[in-house]
1. Out of segment A:37-74, which residues are modelled with pLDDT under 90 and in contact with a helix residue (DSSP H, G or I) (Cβ under 7 Å, 6 or more places away or on another chain)?
2. Which residues, counting only those in segment A:71-113, are over 28 Å from A:T47 (Cβ atoms) and in contact with a His (Cβ under 9 Å, 6 or more places away or on another chain)?
3. Determine which single condition B:D55 fails, assuming it passes every other condition in (1) assigned to a helix (DSSP H, G or I); (2) surrounded by 14 or more Cβ atoms within 10 Å (Cβ to Cβ); (3) of a type in the set (D, E); (4) modelled with pLDDT under 80.
4. Taking the conditions exactly as written (surrounded by 12 or more Cβ atoms within 10 Å (Cβ to Cβ), part of a loop (DSSP other than H, G, I, E, B) and of a type in the set (V, I, T)), does A:V162 satisfy them or not?
5. Name the single residue, out of those in segment B:22-42 being among the acidic types (D, E) and surrounded by 13 or more Cβ atoms within 10 Å (Cβ to Cβ), that is farthest from A:I32 (Cα to Cα).
6. Within segment B:24-31, identify whether any single residue is closer than 22 Å to A:V75 by Cα, in contact (Cβ under 8 Å) with a residue 12 or more places away in the chain, part of a helix (DSSP H, G or I) and of a type in the set (G, A, S), and answer yes or no.
7. For segment B:5-49, what are the residues that are basic (K, R) and closer than 24 Å to A:E83 by Cβ?
8. Looking at segment B:96-112 only, could you name the residues that are touching a Gly at 6+ places or on another chain (Cβ under 9 Å) and more than 8 Å from chain A (Cβ to nearest Cβ)?
Amino acid sequence: MFILTTIEDLIQIAPQDFSKESAQAIKDAINIKYANKVIHKVGLCITMWDMLKASEGLIGHGTGLVNVNVEFRMVVLRPFRGEILHGRIKSANEQGMVIDLDFTYEVFVPHANLFEPSHYDPGENAWVWSPPDGEEFFFDKGETVLLRVEREEWFDQKPSIVQKDEHGNVVERRGVPWRIIASMNQSGLGPCMWWESQEGEEEEGEQQLLENGDVEMDEA
Amino acid sequence: MHIKNPQSALLSNHEVYQHIRSESDYYLSREHNRDKTLSNVREILQDGLRYFEGDPNAAGDVAQWTNPAKEISDCHAERPMTLYKGPHSLLRALAPKYRLNKAEYLQLYNVRPTSRITLELIIEEATTRFSEEELDDMLQQVLNVFYEEEANIPAGVEDQEMEKLPDEMLGDSRRKHKKKLKRRA
């Protein structure tokens, strides 16, 4: 889920921060510049992990800013394809479900990536998995789920790219820079609660389950 | 800005949680709370704490679920590195018997499977690569490592120099693998 990214950058330290220790001042400046921001095709930056190299501080002409060339490593949120993650169901609609990771809620599970057969219940505002034996399992809002990362989509937010709507008007508001598409269609995925309770049953009466020919365990 | 290496290392959730906690001690302390320029840093740290520790403001009737990263760090509060290095690490427990790749190890740390169903999610083609007994044993080994009493781990094992594992991790070094194949041919 998390990686380290090595970045080299020119960091400027303002005079009011001169009272801080150099290492701390540089770290603060890096964190202010990067924390909680998405770098295109890299991921969402959390905070600085460690500093590898820093040059002497040089004061530029005309300003009182100290310029330092720093090489550092950043903690970055970047799930890989096929990774199993914990998340929480944030909302649902006909298209699928949005999962909240707290860091970001741009995780989307399209309905095609859910257990078969599942349907959307507009009354409950939730997706329901209904295996052939007649039981119904609800993907309730706020439930902690396990999901598998399938792919990611990047949308370049370069200021030079101007987005236009269908009438040719310039769109001022920008969309998300990054979206993760995930799936929940293997046994073990979906709300953690489902599988925990099933294990109990399994231990208690595995024999019984086999006799009944319970398809649920063999599903997916 | 220049990205020198977009992915120089992988981190486990547990490591990131430790990092977020120590950064929070500094950035969320009272003297830095007032600094407006640091607001994005505080936001991401609070998001991180919420992901790993759960929402402190959540309604009481919602069953709170704890992220494995928090449980693991509660179990290994004083010396978290014993999980990664030395004879008490996950690698040393599993590598002699099972060949797993890096991503699989990482997810054992992150998801901390407690049941066969979750273990089989993490291990690719689990049932063809391993027998049922092996998977059960693997699960037991994982739990042993994570829930080992810290007091029972001798001091300094995390810094102990250990012999390199004879069998490389699966998919660890492509060049060596090629050599092996040639020899076999």
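1. Selection gives A:G64 alone.
2. Correct list: A:E94, A:Q95, A:G96, A:M97, A:H111.
3. Unmet condition: (1).
4. For A:V162, the condition - surrounded by 12 or more Cβ atoms within 10 Å (Cβ to Cβ), part of a loop (DSSP other than H, G, I, E, B) and of a type in the set (V, I, T) - is not met.
5. B:E23
6. Yes, there is a match, as at least one residue in segment B:24-31 is closer than 22 Å to A:V75 by Cα, in contact (Cβ under 8 Å) with a residue 12 or more places away in the chain, part of a helix (DSSP H, G or I) and of a type in the set (G, A, S).
7. Hit for segment B:5-49 is B:R21, nothing else.
8. If the condition is that a residue be touching a Gly at 6+ places or on another chain (Cβ under 9 Å) and more than 8 Å from chain A (Cβ to nearest Cβ), then B:N101, B:K102 are the ones that fit.
The values are calculated or read from the model by the stated rules, or taken from the named source; none is laboratory data. Values in this document were obtained by computation on a predicted structure and should not be read as measured data. Cβ sites come from the backbone with ideal geometry, for glycine too, and all protein chains shown count toward neighbours.
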